[in-house]
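Shown next, in structure tokens, is the structure this report addresses.
The values are calculated or read from the model by the stated rules, or taken from the named source; none is laboratory data. Keep in mind that what you see is a predicted model, and the values were worked out from it rather than measured. In this analysis, Cβ positions are derived from the backbone assuming ideal geometry, glycine residues included, and neighbour counts consider all displayed protein chains. Accessible surface is based on the protein model in full, side chains and every heavy atom, while ligands, DNA and RNA are left aside. Shrake-Rupley method; radii C 1.70, N 1.55, O 1.52, S 1.80 Å.
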Amino acid sequence: MQTITVNASRSYCVQIGPGLLDRVGELSAPLVQGRKAAVVSDSNVWLLYGTQVERSLTQAGFQVSVFQFPAGESSKNTATLLELLTFLAREGLSREDPVFALGGGVTGDMGGLAAALYLRGVPCIQLPTTLLAMVDSSVGGKTAVDLPEGKNLVGTFTQPHLVLCDTLTLQTLPAPVMAEGWAEVIKYGMIRSPELLQRLAGEDPAGDLEWVIAHCVTIKRDVVGIDERDTGERQLLNFGHTIGHAIERCGGYSIYHGEGVAMGMAIMTRACVREGLCPKECWTVLESLLNRFHLPQTCSMDKKGLLEAARADKKRRGDSITLIQPQKIGTCVLNKTDYGELSRILERGMGA
Ligand SMILES: NC(=O)c1ccc[n+]([C@@H]2O[C@H](COP(=O)([O-])OP(=O)(O)OC[C@H]3O[C@@H](n4cnc5c(N)ncnc54)[C@H](O)[C@@H]3O)[C@@H](O)[C@H]2O)c1
Ligand SMILES: [Zn+2]
């Protein structure tokens, strides 16, 4: 088991290892005073892991209530959020009582936001069950729901009290969901870690998932420690995301987040190579990893539509936009620019 401490506006531990869901109660009880526990989970994950988590919490003296919602990004909206907040109020949760977010990034984002808003903030414990949520969304305190106008437009920066990544839960993940997690892992390699890229290209990249997750969380910890509120360095974590979110939006959210990110990284990297902004190897390395993890490399959507969707992206600051561009293997840089530049990138990068 690995433990990584995140030092942001709150310090907390991220624990990674097999069997942690059996220890949720024991590990979280010392961190919170309240003994009413609200577990937020989607319909798939609750069925698989709900009983296990409920048992562990009950054994540790928690009185458990459960809020379930239909699985999928389409639930990550203000209507479900409001239902969840109403649920917390009706259950009579106090400021000391914790919310447990058991599931993927959708559950973590929405559970985290509800915990941040209800009574101006109650403790939140993240129990990520997808690779994407373990390496990315459960750590760093970004919480949000979507609006019809764009993804993650309503949210906060609120750090959790604890994150428990039970690696055994990954055994039940459908292959495409696992693949989108690999997209975020590849992202970490591209922005910060030639070592990770090498490992992913090696014989059995999934052989030591605990190492991979811990490596990604360590990178995220370092970036969040410097720039918790996403005004500088943290924006590196958005590599592939500006275009990826636009693709997700134009696809009516039928495309997985990680698939959008994979396409976004590919379009950006191809364009940067073609513009002479980074060596060709940035693309060859990325291309072979995307192939290896069965991730898409381009999309045939309308460029104008993508550009409009990107404008709705929350990362816009007036007319300027920060693009994250590869510079060399394992290094990306921020480029504060305008939408004209993004238009050129789409033009240059979308063709195979
Ligand atoms: N807050 C952040 O910093 C941040 C970072 C990256 C992504 N995100 C958000 O995360 C979301 C995507 O996360 P996701 O891909 O985990 O989506 P998700 O939560 O919808 O999970 C994907 C699917 O896998 C199922 N599932 C989850 N765990 C399972 C398991 N162990 N076994 C079987 N099935 C399981 C879910 O029911 C769902 O159908 C997006 O909304 C994205 O915006 C947030
Ligand atoms: Zn992401």
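List of remarks:
- Single residue of Gly92, Gly155 found to be away from ligand 2 (no atom under 16 Å from the Cβ) and more than 24 Å from Gln2 (Cα to Cα): Gly92
- Of everything listed in (1) open to solvent by less than 80 Å² (accessible area, probe 1.4 Å); (2) at pLDDT below 95, the single unmet condition for Ser74 is (1).
Every residue, every condition in (1) within 19 Å of Glu73 (Cβ to Cβ); (2) not β-branched (Val, Ile, Thr), yes or no:
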{"site": "Val145", "(1), (2)": "yes, no"}
{"site": "Gly150", "(1), (2)": "yes, yes"}
{"site": "Val154", "(1), (2)": "yes, no"}
{"site": "Val163", "(1), (2)": "no, no"}
{"site": "Pro174", "(1), (2)": "yes, yes"}
{"site": "Ala179", "(1), (2)": "yes, yes"}
{"site": "Lys187", "(1), (2)": "yes, yes"}
{"site": "Gln198", "(1), (2)": "no, yes"}
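- Test: residue in the range 183-191 that is within 15 Å of ligand 2 (Cβ to nearest atom), in contact (Cβ under 8 Å) with a residue 12 or more places away in the chain and among the basic types (Lys, Arg): yes
- Residue selected from the range 229-254 under the condition β-branched (Val, Ile, Thr) and farther than 12 Å from Met301 by Cα, by the criterion nearest to ligand 1 (Cβ to nearest atom): Thr242
- Verdict on Glu26 being away from ligand 1 (no atom under 15 Å from the Cβ), more than 23 Å from Cys13 (Cβ to Cβ) and of a type in the set (Asp, Glu): no
- Only a single item in (1) open to solvent by less than 10 Å² (accessible area, probe 1.4 Å); (2) near ligand 1 (Cβ under 10 Å from one of its atoms); (3) farther than 27 Å from Val99 by Cα is not met by Val224, and it is number (3).
- Among (1) open to solvent by less than 10 Å² (accessible area, probe 1.4 Å); (2) touching a residue at least 60 places away in the same chain (Cβ under 8 Å); (3) of a type outside the set (Phe, Trp, Tyr) - the single one Ser9 does not satisfy: (1)
- Taken as a whole, the condition of being open to solvent by 10 Å² or more (accessible area, probe 1.4 Å), modelled with pLDDT of 95 or more and under 28 Å from Ile247 (Cβ atoms) applies to Gly155.
- Any hit, the range 35-48, residues being touching a residue at least 60 places away in the same chain (Cβ under 8 Å) and within 16 Å of ligand 2 (Cβ to nearest atom): no
- Subset of the range 302-323 (residues that are at pLDDT 90 or above, farther than 16 Å from Gly240 by Cα and open to solvent by less than 60 Å² (accessible area, probe 1.4 Å)): Gly305
- Checked against the criterion of being crowded, with 24+ Cβ neighbours inside 10 Å, at pLDDT 95 or above and either under 17 Å from the mean Cα position of the chain (by Cα) or not β-branched (Val, Ile, Thr) (or both), the candidates Gly108, Gly61, Gly121 yield just one match: Gly108.
- Unmet requirement for Ala183, which otherwise passes all of (1) more than 12 Å from the chain's Cα centre (by Cα); (2) not assigned by TED's automatic domain parsing to the domain that holds Val66: (1)
- If the condition is being open to solvent by less than 40 Å² (accessible area, probe 1.4 Å) and acidic (Asp, Glu), then the range 77-104 contributes only Asp97.
- Residue in the range 261-273 that is closer than 13 Å to Ile186 by Cβ and open to solvent by 20 Å² or more (accessible area, probe 1.4 Å) present: no
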